[in-house]
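The values are calculated or read from the model by the stated rules, or taken from the named source; none is laboratory data. Computed from a predicted structure; not experimentally measured. Reconstructed Cβ throughout: ideal geometry from the backbone, glycine too, with neighbour counts over all protein chains shown. Accessible surface is based on the protein model in full, side chains and every heavy atom, while ligands, DNA and RNA are left aside. Shrake-Rupley method; radii C 1.70, N 1.55, O 1.52, S 1.80 Å.
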Amino acid sequence: MSIPEHLREKIQSIPEKPGIYKMKDSHGDIIYIGKSKCLNKRVKSYFQSTHEWEKIKRLVFNIQDIDIIVTDTHLEAQLLECAMIKKYKPIYNSQFARDKNYVYLKIEDNGEKPLSITYNKDGTYTFGPYRSKYYIYDLIDLLTKLYPIKKSGNSFEFDYNPLPVAMNEKEFQENRLSLINLFSNMDSLKVFLDILKAKMEEASLTLHFERASQLRDIYLCLEQLYNSQNNNITKDKEIIMGEKIDDGYKLFYISDGNLILKRKFKEISIEDVKDFINRANILKKNRVSNKSEKSIMDFKSIINMELKSSYYRIVDEEFNVHEFIRGLIKL
């Protein structure tokens, strides 16, 4: 696909740096926002290949102008992309644009249904938010086939029931306490997953394939929830992250998944890092966020994923400034 003449010169001038690009239609409206580690290559790719997806074909057909914002790092590009999508809600963006539709999983005090979905934080035993309400609906439906779940010491007792079992008040409350424990404590959830796996394998060995299939679905659903919580690097932690950039170094201070402070340095010293941490702690104490928990979730997820392939250290009693700087310089 050839690049339209009025865009050719602009695209050629886009640098090979990280950042975001905003694609606009003939009215000047932003129709798509993207990010890349290399803006030049990414933007050109829209016009240099034949796209299979009809949505991308329509997007490219409607592009009349492109603006870019260069960032120092890929992390900043991702966070800026997320913020801009939430602000402008372009028609060709879906990710990050609909955070108001994220849901919570609520453990009910009483009634016929032990679990329900809510769009707002409601009570002590409300968990989330989660991006996909359909995933939560599936989880709620699948778990009905295991009720009642009873906690027994550090383990759990339950049976698979093809049809949901009606619980009396005592069973409902025992089941409720078990659910609270499962969703509040990842160690308990891991124990529960191990029991589920053993029951699944037993059902398969005894040729109860439908039961094994149902248990597998429950296992996979809960495993996804477990992994999302267990792989959260930033939860309740103070973290300093560093990157080498073209003209020096970039430091980021992250508290419980929230970016508190970022700063660029041409050279890096022990005093620089100590002062950076001190300033971050002051900002953290005075920090007031006007973002909703649902909106913040996306930013936290971006930071958590980026940290998995980045250089960082947890700022605690064992944090060593000298070692942090040595590691940063070796990048």
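Here residue 194 and residue 331 are evaluated by their C-beta separation; at R0 = 56 Å the FRET efficiency comes out at 0.90. Taking the Cα centre of the chain as reference, the dipole from Cβ charges on Lys and Arg (+1) and Asp and Glu (-1) amounts to some 1020 debye.
Helical content of the chain, expressed as a calculated mean residue ellipticity at 222 nm, amounts to -15000 deg cm²/dmol (DSSP H runs of 4 or more residues, -39,500 (n - 2.57) each, divided by residue number, nearest 500). Projecting label points 7 angstrom from Cα along Cα→Cβ for residue 27 and residue 237 puts them 4.6 nm apart.
Taking the protein heavy atoms of the stretch 178-248 in the context of the full set of protein chains, the accessible area attributed to carbon and sulfur is 45 percent at 1.4 Å.
Put simply, the amide H of residue 36, placed in the peptide plane, has neighbours under 5 Å in 19, leaving out anything fewer than 5 places away on its chain.
Protein heavy-atom accessible surface, 1.4 Å probe, per residue over the chain: 56 Å².
Here's the picture: charge each Lys and Arg Cβ at +1 and each Asp and Glu Cβ at -1 in the chain, and of 188, 107, 200 the one pushed furthest to the positive end of that dipole is 107. Each Cα pair under 8 Å and six or more residues apart adds its sequence gap; the mean of these over the residue count of the stretch 174-331 is a relative contact order of 20 percent.
The mean sequence separation of alpha-carbon pairs under 8 Å and at least six residues apart, normalised by the residue count of the stretch 12-145, gives a relative contact order of 22 percent.
With just the Cα atoms defining each centre, how far is the stretch 128-152 from the stretch 188-204? Give it in Å. That distance is 15 Å. In this structure, the residue pairs whose Cα-Cα separation is over 28 Å, taken from 22/264; 244/284; 170/300, are 170/300.
Which percent, nearest 5, of DSSP beta bridges in the stretch 233-280 are antiparallel? Antiparallel bridges make up about 100 percent of those DSSP assigns within the stretch 233-280.
Rg and Dmax of the stretch 1-51, based on Cα coordinates, read 10.9, 28 Å.
Mind checking which of 77, 97, 53 is farthest towards the positive end of the stretch 36-111's charge dipole, using Cβ charges of +1 (Lys, Arg) and -1 (Asp, Glu) about the Cα centre? Final value for the positive-end residue is 53. Note on the stretch 111-190: with charges restricted to the Cβ of Lys and Arg (+1) and Asp and Glu (-1), its dipole about the Cα centre is near 260 debye. A full extension of the chain between residue 244 and residue 6 corresponds to an added length of 82.1 nm, given 0.36 nm per residue minus the alpha carbon distance.
Label zone of residue 208 (point 7 Å out along Cα→Cβ, amide N under 13 Å): in the stretch 145-182 this covers 146, 158-163.
Once phi is turned into θ = phi - 60°, what whole-Hz ³J(HN,Hα) does the Karplus curve with 6.51, -1.76 and 1.60 give for every residue of the stretch 87-99, x standing for Gly and Pro? My calculation for the stretch 87-99 gives 6, 9, 6, x, 5, 9, 9, 10, 5, 6, 7, 10, 5 Hz in order.
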